[in-house]
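Colleague: Please find one structure pasted underneath; my questions will follow.
The values are calculated or read from the model by the stated rules, or taken from the named source; none is laboratory data. Please read all numbers here as calculations on a predicted model, not as lab measurements. Quick reminder, even Gly has a Cβ in these numbers, built from the backbone with ideal geometry, and neighbours come from all protein chains shown. With ligands, DNA and RNA removed, areas are computed over all heavy atoms of the protein, side chains included. Shrake-Rupley method; radii C 1.70, N 1.55, O 1.52, S 1.80 Å.
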Amino acid sequence: MTRHEKKYCPRCNRSFECKAGSISQCQCNDIRLTAAERERIGLLYNDCLCIDCLHELQLQFKMPAKD
């Protein structure tokens, strides 16, 4: 039986269920991140993020930098 883990998002502290043992059912399977986006997120955070934070970071990365 696949075990799911309750986690807290390190960015917003919201709880969510990580389904890494059944990745096709995990919330993170609903977002398509580029390799560059995954790398940037990995540099900022050491653990899984909730789907809302993943979407927010993806949008931030697409926004042009302000000088």
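Colleague: In the stretch 1-20, which residues are open to solvent by 60 Å² or more (accessible area, probe 1.4 Å) and either outside any loop (DSSP other than H, G, I, E, B) or at pLDDT 95 or above (or both)?
Modeller: Narrowing the stretch 1-20 to residues open to solvent by 60 Å² or more (accessible area, probe 1.4 Å): 1-6, 8, 10-14, 17, 20.
Of everything in the stretch 1-20, those that are open to solvent by 60 Å² or more (accessible area, probe 1.4 Å) and either outside any loop (DSSP other than H, G, I, E, B) or at pLDDT 95 or above (or both) turn out to be 5, 6, 8, 10, 11, 12, 13, 14, 17, 20.
Colleague: Next up: Look through 40, 32 and report the one residue that is basic (Lys, Arg), exposed (fewer than 11 other Cβ atoms within 10 Å of the Cβ) and either out of contact with any strand residue (DSSP E or B) (no Cβ under 8 Å at 6 or more places or on another chain) or outside any loop (DSSP other than H, G, I, E, B) (or both).
Modeller: Details: 40 fails: exposed (fewer than 11 other Cβ atoms within 10 Å of the Cβ).
After applying the criteria, what remains is 32.
Colleague: Starting from residues that are over 15 Å from residue 9 (Cβ atoms) and in a helix (DSSP H, G or I), keep the ones in the stretch 58-67 and report whichever is most open to solvent (accessible area, probe 1.4 Å).
Modeller: 62
Colleague: For the stretch 47-57, give me each residue that is open to solvent by less than 40 Å² (accessible area, probe 1.4 Å) and within 13 Å of residue 30 (Cα to Cα). Before the answer, list the steps.
Modeller: In the first step, residues of the stretch 47-57 are kept if they are open to solvent by less than 40 Å² (accessible area, probe 1.4 Å); the result is 49-51, 53-54, 57.
Hits for the stretch 47-57 are 49, 50, 51, 53, 54.
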